[in-house]
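The values are calculated or read from the model by the stated rules, or taken from the named source; none is laboratory data. Note that the coordinates shown come from a computational prediction; the quantities given were computed from them, not determined experimentally. With ideal geometry, Cβ positions are generated from the backbone for all residues, glycine too; neighbour counts draw on all protein chains shown. Areas reflect the complete protein model, heavy atoms only, side chains present, ligands, DNA and RNA absent. Shrake-Rupley method; radii C 1.70, N 1.55, O 1.52, S 1.80 Å.
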Amino acid sequence: VCGAVYSAETRSRQLSHQAPANEQLQMAAEALDSILSTTAGRTGRMMSMCFLSIDLKTGRACALNAGHTWPIFARYNGGSIQCEKIPGGGSLLGSGKHSYGLHEFNLEPGDTLLLYTDGLVENEGPQGEVLNFRKLKTFLTQSASLNTQMEQIEKSIRTLWSGLKLSDDVTFLGIRYSGS
């Protein structure tokens, strides 16, 4: 998969040197889907992925979803924090469908994106409890510090799943946009 991502990214860059971000992401997803369809797709294996492009000077962002969990977007407005999932949907890579959810938006200084794998919200604790959107939203709105937010998520998952064998991998990444 790593080689396929590199190949798809290189291929889309060659084809779309000056294309807008949404077209570049679409081309990269289609190239990766084609590579996976001809290799892993024959075994029935597919994968999800969220592609993200951010212009660090302007804050213009574009997210393309290929069957993955959607990032959570947190905007800081005058002391209050509003969270929402970036909308969309999309087909899995390796399916050959080339149908992806695309969302374009602007980041303002102080805005946060939380990207995560489905294991973060699907693994269950001993009583069947999970970290859902509402709980993740709480972590993002209780503190303006990105480090504190990420530490709270990590502490929560360590407590919730302490000693358990997880059914799915867990990865999460917080991105804070600081402006140009």
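If I compute solvent accessible area with a 1.4 Å probe over the protein chains, what percent of it on the stretch 27-130 is carbon and sulfur?
On the way: 2400 of 4870 Å².
Heavy-atom surface of the stretch 27-130 belonging to carbon and sulfur, 1.4 Å probe: 49 percent.
So how much slack lies between SER99 and ASP169, counting 0.36 nm per residue of separation and subtracting their Cα-Cα distance, in nm? List each step's numbers first, then the result.
Values: separation 70, 0.36 × 70 = 25.20 nm, distance 2.52 nm.
So the extension gain works out to 22.7 nm.
For every other residue with a beta carbon closer than 11 angstrom to the beta carbon of TRP70, add +1 if it is Lys or Arg and -1 if Asp or Glu, then tell me the sum. All intermediate terms of the calculation are to be shown ahead of the outcome.
Values: positive: LYS85; negative: GLU84, ASP118.
Net charge in that neighbourhood comes out at -1.
Apply the a/c threshold of 1.5 to the C-alpha gyration tensor of the stretch 120-180 and tell me whether it is rounded, prolate or oblate. Intermediate results must be reported in sequence, preceding the final value.
Values: a/c = 2.41, a/b = 2.08, b/c = 1.16.
It is prolate, given that a/c is not under 1.5 and a/b is the larger ratio.
Please compute the net charge surrounding LEU166, taking Lys and Arg as +1 and Asp and Glu as -1 over other residues with Cβ under 12 Å from its Cβ.
Details: positive: ARG158, LYS165; negative: ASP118, GLU122, GLU124, ASP168, ASP169.
Net charge in that neighbourhood comes out at -3.
Say each of GLU154 and THR10 gets a label point 7 Å from the Cα, pointing the same way as Cα to Cβ; how far apart are those two points in nm?
Placing both labels 7 Å beyond Cα along the Cβ direction yields 3.4 nm.
Within the stretch 93-174, which GluC sites (Glu not before Pro) sit in a loop by DSSP and count at most 14 neighbouring Cβ atoms inside 10 Å? Mind dumping the intermediate values first?
Details: sites: GLU104, GLU122, GLU124, GLU129, GLU151, GLU154; in loops: GLU124, GLU129.
Here the GluC sites (Glu not before Pro) that fit, given the DSSP loop and packing criteria, are GLU124, GLU129.
Give me the net charge for the shell around ASP111: Cβ to Cβ below 13 angstrom, other residues only, Lys and Arg +1, Asp and Glu -1. Don't jump to the answer; show the numbers that get you there.
Values: positive: ARG60, ARG75, ARG176; negative: GLU84, GLU108.
Net of charged neighbours comes to +1.
Semi-axes of the chain's equivalent ellipsoid from the Cα gyration tensor, sqrt of 5 times each eigenvalue, largest first, rounded to whole Å?
Ellipsoid half-lengths, sorted descending, are 29, 23, 12 Å.
For the stretch 55-155, what does the alpha-carbon gyration tensor say about shape, rounded, prolate or oblate, given a ≥ b ≥ c as the root eigenvalues, a/c under 1.5 as rounded, and a/b over b/c as prolate?
Numbers: a/c = 2.47, a/b = 1.09, b/c = 2.26.
Verdict is oblate for the stretch 55-155.
Please state the relative contact order of the stretch 22-102 as a whole percent: Cα pairs under 8 Å, 6+ residues apart?
Working: 146 pairs, mean separation 28.3, N = 81.
Dividing the mean separation by the residue count of the stretch 22-102 yields 35 percent.
Hey, what's the chain come to in accessible area per residue, 1.4 Å probe, Å²? It would help to have the intermediate numbers written out before the result.
On the way: 9950 Å² over 180 residues.
Value returned for the chain: 55 Å² of accessible area per residue.
Out of residues 5 or more away from THR69 or on other chains, whose amide H comes under 5 Å of its own, with H placed 1.01 Å from N in the peptide plane?
The list, which skips near neighbours in sequence, is ASP118.
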